[in-house]
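For reference, the structure is listed below as structure tokens.
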Amino acid sequence: KPVKPSHARHVVQRLERWSTPKIEQQETIEIGDLFVDPSKREISINGNPLYLTKVEYELLVYLSSKGFKTSPQKSLIAHIDSLGYVGNRETLKVHLSNIRGKLRSVESKTIVTPIHDLGYKLYFYGDE
């Protein structure tokens, strides 16, 4: 049965959401000076709390769960969609820009860096 283009887009988005791996909520993640405790819903830099919005928190947890591997832009957008927000390229850029600004403001050595035409990943430029 033929599918209207507008419906096809929604079907693809649903499939991407289902294929997005769920993050284990009990594991703590430590990357450089960034410490993520999903069970407490806390992120800290060198022991100091980092205050984020819900979407920023979820994106940073998602990126942290990947370690230093690149997360494709489509996966990050699907992750925003799965939270009940409208996810698109511009929304993603704004949230990641906010995260980068907050990491800079606490002088974190862990940064979110764009990888041209691929996605985003965490990078640590410290001594470890």
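The values are calculated or read from the model by the stated rules, or taken from the named source; none is laboratory data. On a predicted model such as this, the values are computed, not experimentally measured, just so you know. Quick reminder, even Gly has a Cβ in these numbers, built from the backbone with ideal geometry, and neighbours come from all protein chains shown. What goes into the accessible areas is simple: the full protein's heavy atoms, side chains included, and nothing from ligands, DNA or RNA. Shrake-Rupley method; radii C 1.70, N 1.55, O 1.52, S 1.80 Å.
Couple of notes before you dig in:
- Flag if Ser71 is in contact with a strand residue (DSSP E or B) (Cβ under 6 Å, 6 or more places away or on another chain), among the hydroxyl-bearing types (Ser, Thr, Tyr) and without any contact (Cβ under 8 Å) to a residue 40 or more places away in the chain: no
- Positions within segment 74-95 being in contact with a Gly (Cβ under 8 Å, 6 or more places away or on another chain), within 16 Å of Asp117 (Cα to Cα) and of a type in the set (A, V, I, L, M, F, W, C), in sequence order: Leu76, Ile77
- Listed here are the strands (runs of 3 or more DSSP E) enclosed by segment 27-128 that have at least 3 residues being open to solvent by less than 80 Å² (accessible area, probe 1.4 Å): 34-37, 42-45, 110-115, 119-124.
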